[in-house]
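Q: Below is the structure I would like to discuss, written out as structure tokens.
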Amino acid sequence: MLRFICLLMLIFLLTACPGPTPPTNLPPTAPKGLSVEAGDTEINLSWQANPETDIEAYLLRFQIITESEWQTKTIPALATETVITNLINDVTYHFSLQAKNRRGQVSEASKVVEGKPFKEMPKTFPPAQPQGLSATTGDALVMLTWKANTESDLAAYTLYWGESSDKLEQSKTLPKEATTTTVASLENGKAYFFALEALNTSGQASVRSPLISATPEAPLLAPRIDNVSIEDYGLSTQVRQGAGEITLVVTGANLSDLLAAALSGSELSLISKAETEAHLRASIGHGHKALGFQELTLVNAAGASSKAEVVEVTPITAMKVLEFKPSDSTGLGTPNRPFLTLNKALSLASGNDTIFLGNGTYKTDEVWPQENGQFPPKAAANVPSGITIKGQSGGGVILEGPGLDKPFAGLVFADGGTVKNLTLKGFRRGILLTNNLDAQLSLENVRILEGYTGLFAYNAAEVTIDNSEFFGQFDPQVNDGVGIYVIGPTTLTIRNTTSHANGDGLAIEGQAKAILSNLSLSDNEQMGLYNSGAYTILADSTVANNGQDGVYLNIKDGFLSREGFEMQGTTISGNKGYGLYLKGANAFVDLGTGTEPGNNSIFGNTDFQFFDNRSANSIPNVTLVGTLLGGFTLTGGLFTAGLGGKEFIDGGIKFWRINQQGNGLVFNP
């Protein structure tokens, strides 16, 4: 039974399923659904597949719309899309599609469709909102600035403005490079509102910038300076160094708009201002460098300024005015209203001030420092640190003390300072500087007369003397005195100076270094130059007619022996003792070498011209090449020998020291 049922089902299936459709001789049907999508120089085409099973290919025909010739592209049977490339943008093309079967039969053409390739422009966005719009007002105009937009497709800016914030009726277009513009022909005193927008090359506009306002104003006139006076100074416009705070009274015009003021670059305080008068506070400090007339600068709120030379800052000035009794009750310390005593000037000086002294003798009503009567001498300083005391040129400024028998000094320096164009006389010590290893003292065109010590410097750093004279520094009661006396680790420089008719002309002790040129040490009661341990260079100088030795070198181990004594182009003559006396320990004494002859002359001295009185164990270290000594000039290689322990005299030279080898003084080239 089951086999029967299966047979019936097989018969049913065979009768129910038709066999394959017999082929026909008809061409394919026309393709349907042809569509185009344009691109850059190309067209994308798509269509529905033909239902026939014997399709061999599709034939795509296309032409430029304005031309009659068609081009054909064969496309595989299974394709339903294709791309035509290398087309011309913005030109319209026609497209038509046919199907071809394996028998070569071609269908009718599909419906013709159009397509136009084009270059797709990138998507654009409006520019960013302009930033930083600001305004500066002027006379009937407003100048505006802003930050540049950074978009690559920026094309321009448009500025809008008007008299109402909600109604900007006027505008102007500005190039994309612009970051500033000026709107002119506005009404002064009226507020205007401004906004800015940016445009790109696609014509898109940005959001406008935040609104700002500005009001043009007529320009402020520059302040005018007619006159400047100093409050409480009367008619004087001179003010001394260190005067402190002063009030300047400025009269003129347009002063009510003042914003700032300066005197030679230093800012002034504005006390009050009105249209025709302003009061300014200035401070004239100690050590004011810009001496002379000061430039006053006034600036108003618009930046307009005026300048004028007004106040004259002067050194602290003292003068002897014959018609006045010495008193400083009315003095201002300026040339036109000077102090009448040096004491007053010194009491108000500080911080590198300059004190100017007019011609006259400063003696009456002056108080001079009193010494302590010890050695080294000390006295209360009357000259502050760094002060310059300058006398009127011509030699008419005299500081006169009570006499050398009184223990008073003229100028006592606490620290360094400078003295110019002064004469000091009648002081126990004219100038005193003690125990300050940082002090630097300078003397120029200074005469110190009739005392005990002209200049005494103890443990100072540096002393310089130029074009000066030291005379009559000698106390017959003690039979002593000295023109210049320097002790300690001091660098002493003396140029073009005379020290004569003193006890000693110049005395140097300790670890000093002395550089002396064009120095005249003559007619002193005792020695011309007394040197106890200082390295010294003596050049182009004269040591003559002194009452004892011309040059006395008292050498000490560790002092002069480190460097020595050098002499060039110097004459030592007519002295009552030795010309050059050498005593003490080892030293280098250079009076000329073969490479650098001394060109010195030592002659006509009462005792021997050169006396080496050092111990027998001392090393000679003496060269005298090119030095005229006792009537003849020594040359390189000259050798002098003697017998041990005895004097050897030749040509006025006394060699007291004979060393252990029995050799005398060796003159090295």
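The values are calculated or read from the model by the stated rules, or taken from the named source; none is laboratory data. Keep in mind the model is a prediction, meaning the values are calculated, not measured. Neighbour counts are summed over all protein chains in view; Cβ atoms, including those assigned to glycine, are modelled from backbone coordinates with ideal geometry.
Q: Please go through the stretch 46-66 and pick out each residue that is surrounded by 18 or more Cβ atoms within 10 Å (Cβ to Cβ) and outside any loop (DSSP other than H, G, I, E, B).
A: If the condition is that a residue be surrounded by 18 or more Cβ atoms within 10 Å (Cβ to Cβ) and outside any loop (DSSP other than H, G, I, E, B), then Trp47, Ile55, Tyr58, Leu60, Phe62 are the ones that fit.
Q: Going through the stretch 277-321 one residue at a time, which ones are under 24 Å from Gly351 (Cα atoms), among the small types (Gly, Ala, Ser) and in a loop (DSSP other than H, G, I, E, B)?
A: Gly285, Gly287, Ala290
Q: Under the condition of being surrounded by 23 or more Cβ atoms within 10 Å (Cβ to Cβ) and assigned to a strand (DSSP E or B), which residue from the stretch 498-513 is nearest to the chain's Cα centre (by Cα)?
A: Ranking the qualifying residues of the stretch 498-513, first place goes to Ile508.
Q: Applying the selection to the stretch 107-131, what residues are under 30 Å from Trp70 (Cβ atoms) and either at pLDDT 95 or above or surrounded by fewer than 17 Cβ atoms within 10 Å (Cβ to Cβ) (or both)?
A: Residues satisfying the conditions are Glu108, Ala109, Lys111, Val112, Glu114, Lys116, Phe118, Lys119, Glu120.
Q: Since Glu169 meets every condition but one in (1) in contact (Cβ under 8 Å) with a residue 12 or more places away in the chain; (2) closer than 30 Å to Ala214 by Cβ; (3) touching a strand residue (DSSP E or B) at 6+ places or on another chain (Cβ under 6 Å); (4) of a type in the set (Asp, Glu), which condition does it not meet?
A: (1)
Q: Would you confirm, using the coordinates I've provided, whether Ala507 is more than 16 Å from Tyr552 (Cα to Cα) and of a type in the set (A, V, I, L, M)?
A: Considered against the rule, which asks whether it is more than 16 Å from Tyr552 (Cα to Cα) and of a type in the set (A, V, I, L, M), Ala507 comes out as no.
Q: Which of the residues belonging to the stretch 474-487 are surrounded by fewer than 19 Cβ atoms within 10 Å (Cβ to Cβ) and in contact (Cβ under 8 Å) with a residue 60 or more places away in the chain?
A: Within the stretch 474-487, Asp475, Gln477 meet the criteria.
Q: As an exercise: evaluate Ser272 against (1) touching a residue at least 12 places away in the same chain (Cβ under 8 Å); (2) surrounded by fewer than 14 Cβ atoms within 10 Å (Cβ to Cβ); (3) farther than 15 Å from Leu221 by Cβ and give the number of the one condition it does not meet.
A: Just one mismatch for Ser272, condition (1).
Q: With the condition being buried (at least 24 other Cβ atoms within 10 Å of the Cβ) and more than 31 Å from the chain's Cα centre (by Cα), I'd like the strands (runs of 3 or more DSSP E) fully within the stretch 413-473 carrying at least 3 qualifying residues.
A: Answer list for the stretch 413-473: 429-451, 453-466.
Q: Which one of the conditions (1) of a type outside the set (D, E, K, R); (2) surrounded by fewer than 17 Cβ atoms within 10 Å (Cβ to Cβ); (3) modelled with pLDDT under 95 does Ser134 fail to meet, given that it meets all the rest?
A: Condition not satisfied by Ser134: (3).
Q: So, in the stretch 203-251, of the ones that are assigned to a loop (DSSP other than H, G, I, E, B) and within 34 Å of the chain's Cα centre (by Cα), which residue ends up nearest to Pro175 (Cα to Cα)?
A: Of everything passing the filter in the stretch 203-251, Ala222 is nearest to Pro175 (Cα to Cα).
Q: So which pairs qualify, if the first residue must be in the stretch 103-129 and free of Cβ contacts under 8 Å to residues at least 24 places away in the same chain, the second must be small (Gly, Ala, Ser), the Cβ gap must be under 6 Å, and the two must be at least 6 apart or on different chains?
A: Cβ pairs passing all conditions: Val112/Ser96.
Q: Which pairs turn up if I take residues in the stretch 238-257 that are in the same structural domain as Ile284 (by TED's automatic domain parsing) and at positive phi and look for partners that are among the charged types (D, E, K, R) and assigned to a loop (DSSP other than H, G, I, E, B) with beta carbon separation below 8 Å, at least 6 apart in sequence or on another chain?
A: From the stretch 238-257, the pairs are Gly242/Asp353; Asn254/Glu275.
Q: Suppose we filter Pro402, Pro407 for residues that are touching an Asp or Glu at 6+ places or on another chain (Cβ under 6 Å) and at pLDDT 90 or above; which single one remains?
A: Step by step, each of Pro402, Pro407 is checked, and only Pro407 is touching an Asp or Glu at 6+ places or on another chain (Cβ under 6 Å) and at pLDDT 90 or above.
Q: Going residue by residue through the stretch 146-159, is there one that turns out to be part of a strand (DSSP E or B) and under 20 Å from Pro219 (Cβ atoms)?
A: Checking the stretch 146-159: not a single residue is part of a strand (DSSP E or B) and under 20 Å from Pro219 (Cβ atoms).
Q: Can Ala195 be described as modelled with pLDDT of 95 or more and either part of a strand (DSSP E or B) or touching a Gly at 6+ places or on another chain (Cβ under 8 Å) (or both)?
A: So Ala195 passes the test.
Q: It is to be established whether one or more residues within the stretch 61-78 are closer than 30 Å to Glu169 by Cβ and among the acidic types (Asp, Glu).
A: Checked against the condition, which is being closer than 30 Å to Glu169 by Cβ and among the acidic types (Asp, Glu), the stretch 61-78 yields no hits at all.
Q: For residues that are free of Cβ contacts under 8 Å to residues at least 24 places away in the same chain and buried (at least 18 other Cβ atoms within 10 Å of the Cβ), tally how many sit in the stretch 385-412.
A: The total comes to 0.
Q: Are any of the residues in the stretch 367-374 more than 22 Å from Tyr485 (Cα to Cα) and surrounded by fewer than 18 Cβ atoms within 10 Å (Cβ to Cβ)?
A: yes
Q: Please count how many residues of the stretch 170-220 are within 30 Å of Asn254 (Cβ to Cβ), among the aliphatic types (A, V, I, L, M) and surrounded by 14 or more Cβ atoms within 10 Å (Cβ to Cβ).
A: 5
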